[in-house]
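First up is the structure itself, then whatever we jot down about it.
Throughout, read-outs are computed from the coordinates displayed, never taken from laboratory work. This structure is a prediction, so every number in the text was calculated from the model and none was measured. Because the Cβ atoms are built from the backbone with ideal geometry, glycine has one as well, and the counts that use them run over all protein chains shown.
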Amino acid sequence: MATLELSLNEDVAVTPVRRVRRLGPLFWAAVTWTVFILAAAAFAGVLPLPSPTDMDMLERRMPMSGLHWLGTDGLGRDELARLIHGARISLTVGLCAPVIGVTIGGALGMLAGYFRGRFESLVVGSMDVLLAFPPLILALAVTAYLGQSLFNLTCILGVLGIPAFMRVARAATLTLARREFVIAAEALGATHARILLRELLPNVFLPLLAFFLLGVAVTIVVEGALSFLGLGVPPPISSWGSMIGEGRESLEVAPRLAFIPAITMFLTVLSFNLVGDTLRALTDPRQGAL
Amino acid sequence: MLGFVARRLVYLLPVLIAVSLLTFLIASLLPGDLAYVILGDQATPEKVEALRHDMGLDQPIWWRYLSWLGHVLEGDFGRSFRTGQTVWQAVAERLPVSFELMLLAEIVGIAIGVPVAIACAVRSGSAFDRFMTGSAFGMLSVPTFLSAILLIYLFAVELRWLPATGYVPFEEDPAGNLRFFVLPALTLALAEWPGIMRVLRSDMIATLQEDYIALAKAKGLKASRILFVHALKPSSLTLITITGINIGRLIGGAVIVETIFALPGLGRLLVGAIYTRDLIILQGVVLFVAGGFVLMNFIVDMLYAVLDPRIRHGHA
């Protein structure tokens, strides 16, 4: 028993040093881009930008110029302003929806993994029902009935993320709950609440955070798809998806109207994926070998 | 094996019932009464009340669910109040298009993913491997509608090789039909191959270190035979797993691709029903797709059990 613990400790002590070096320039480029986009979206109101909704029919599809840095769209609206204000919508949904998923799904998963028994069967069973719908189909159907709004969209995409977060939290809790430190806490007479919050939560937190970032990437894509189909946030508010959808109609005359938001969205999704995947590799010992 | 099938079937039934209940509840509990949608905003309260009575909307909800479920089990999914077409007709008409699209996409995805995975696994760590692994990771961040637009721009707008939108039935003009499917299937395949490649690659790296591969080499078998037959065989389970996991995403992708390329499939029916608020069609299609999705997952589970005895005996 003692030798086992010793070898465990060694693993924990050695591996992080080796892995920190592996973060690499790509990781930091992704972090920089994420921070840049977040800042642009947060300060969209303060930045000296033209209005994203003011139309100017005389200046439709203008090329890039000093006045309009990225030109204007099919209705003469400033492309850069729409891009940055669109970032607000895409990122609000992209960040808030996984928060719903990680909170509810994480809590359910931890409780299921810790208490096991009937409760676990119930949670896993009801998640299976939610997973029985192809995600985009469920999102489309519920938006169609509920009506299109930022709040509805966030809630729907949040609920759709619950099963995935539940699985991650449950899997992590299942393995942790048998570890010595939890058994020790139990032996010391700690309450269930204390074990869950003080012993398990700090250990489940990092895998969940890594998965959260991947969830942000997925949510931005789904929100983009819904907006692209015209079923996201209603116009005239811009979102990257709706801008790409509008740009598609002028693909022959002004392809940049579709490609500028497309590239922005790709880089953002890629950044969240990169950071999330790096964190996941750090927190998942099985993947470390690869 | 029979015991395993029975156990899975017992599990399948409650899931299907829950799916039907959820589909019904989404359509019934949420705001926007069906009678108002049919009659429009100008309808008088009396007219709405009469229609609600005719449609049974004034009955208690559990009663409406049971009678709806009863009709569904008899094969009656309802009828569109816009076109008069039954859900069954509409789905039967469009299912082959979606099916052809997903099948072609999966074939192209495997045709790209498997050779790339093998090439990477053989020279793991090489520049080629690193480049392809990187591209696959990058491709995972490209939403379907982005690659669709890029392909349309390249092949339909700039090069003018392929049509951007349109469809002819396979029976009328097989070559023309496939021509219309090239870009949509390629779009979906671009989203499929990275997943296939990534999982298969790591699977393959492990397989290639097995003793029986060394034996096959020692026997002097051709490299292509070792790689595509001996080494691929144990990975067939992995391939089925990824295909199974990807079905949900494939269906979602098909909805978007069908809408962009104007293919008359189930996805376009669904999106069209949302635009025109044709709630009966919407409910029917959602139930049909979700039910089909559950059944497909069931079939994937069965395939596992056929291929891997450990699973059907409950040791895995």
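Some points to look at:
- For the range A:174-193 and the range A:139-164, distance of Cα centres in Å: 37 Å
- Stokes-Einstein diffusion for the range A:89-282, with the hydrodynamic radius set to the Kirkwood value over Cα pairs and evaluated at 10 °C in a medium of 1.306 mPa s, equals 88 µm²/s.
- Net charge dipole size for the protein assembly as shown [Lys, Arg +1 and Asp, Glu -1 on Cβ; Debye, nearest 20]: 1820 debye
- Mean partner shielding of peptide B:281-292, defined as the number of other chain Cβ atoms within 10 Å of each residue Cβ, is 3.
- Sequence-separation-based contact order of the range A:132-290, relative, with Cα cut under 8 Å and 6+ spacing, percent: 23 percent
- Lysines with Cα under 29 Å of B:K233, excluding same-chain neighbours fewer than 8 positions away: B:K217, B:K219, B:K222
- Across the range A:182-193, computed HN-Hα scalar couplings (Karplus, 6.51 cos²θ - 1.76 cosθ + 1.60, θ = phi - 60°) run 6, 4, 4, 4, 4, 4, 6, x, 5, 6, 4, 4 Hz from first to last residue, x flagging Gly and Pro.
- Between A:S149 and B:R310, the C-beta separation translates, for a Förster distance of 60 Å, into a calculated FRET efficiency of about 0.75.
- Förster radius 45 Å - calculated FRET efficiency between A:A187 and B:I245 (Cβ-Cβ, nearest 0.05): 0.65
- Top positive-direction residue, dipole computed over the range B:79-184 with Cβ charges, set B:V142, B:L101, B:V182: B:V142
- Note on the range B:90-165 and the range B:198-254: Cα centroid distance 19 Å, given to the nearest whole angstrom.
- Averaged over A:223-233, number of beta-carbon atoms from partner chains that fall within 10 Å: 4
- Residues B:H230, B:H53 arranged by fewest to most Cβ contacts within 10 Å: B:H53, B:H230
- The protection proxy used here, the mean number of other Cβ atoms lying within 10 Å of each residue, ranks peptides A:77-90, B:239-252 as follows, highest first: A:77-90, B:239-252.
- In terms of its alpha-carbon gyration tensor, chain B comes out oblate; a/c meets the 1.5 threshold, while b/c is at least as large as a/b.
- Signed unit charges on C-beta, dipole axis of the range A:89-282, positive-most listed residue A:T154, A:L130, A:A193: A:A193
- What you get for the range B:223-316, charging only the Cβ of Lys and Arg (+1) and of Asp and Glu (-1), is a dipole of about 260 debye around the Cα centre.
- Degrees between helix B:87-122 axis and first principal axis of chain B (Cα, 0 to 90, nearest 10): 20 degrees
- Shape call, the protein assembly as shown: gyration tensor on alpha carbons, a/c limit 1.5: rounded
- Extreme residue, positive dipole direction of the protein assembly as shown, given options B:Y167, A:A41, B:L200 (C-beta unit charges): B:L200
- Our helix-only sum for chain B, with -39,500 (n - 2.57) per DSSP H run of n ≥ 4 divided by its residues, gives a mean residue ellipticity at 222 nm of -24000 deg cm²/dmol.
- For the range A:256-269, 3J(HN,Hα) per residue [Karplus equation, 6.51 cos²θ - 1.76 cosθ + 1.60, θ = phi - 60°, Hz, x = Gly/Pro]: 4, 4, 8, 7, 5, x, 5, 5, 4, 5, 4, 4, 5, 4
- Peptide A:141-154 has a mean shielding of 4, counted as Cβ atoms of other protein chains within 10 Å of each residue's Cβ.
- Placing a pseudo-label 7 Å from each Cα along the Cα-to-Cβ vector at A:E249 and A:L26 gives an inter-label distance of 3.9 nm.
- The range B:95-243: C-alpha gyration tensor shape, a/c 1.5 cut-off, then a/b vs b/c: prolate
- What the Cβ-Cβ distance of B:N177 and A:I263 gives, at R0 = 30 Å and to the nearest 0.05, is a FRET efficiency of 0.35.
- Principal-axis analysis of the Cα atoms of chain B puts helix B:45-55 at an angle of about 60° to the longest axis.
- In degrees, nearest ten, helix B:127-139 long axis to first principal axis of chain B (Cα): 10 degrees
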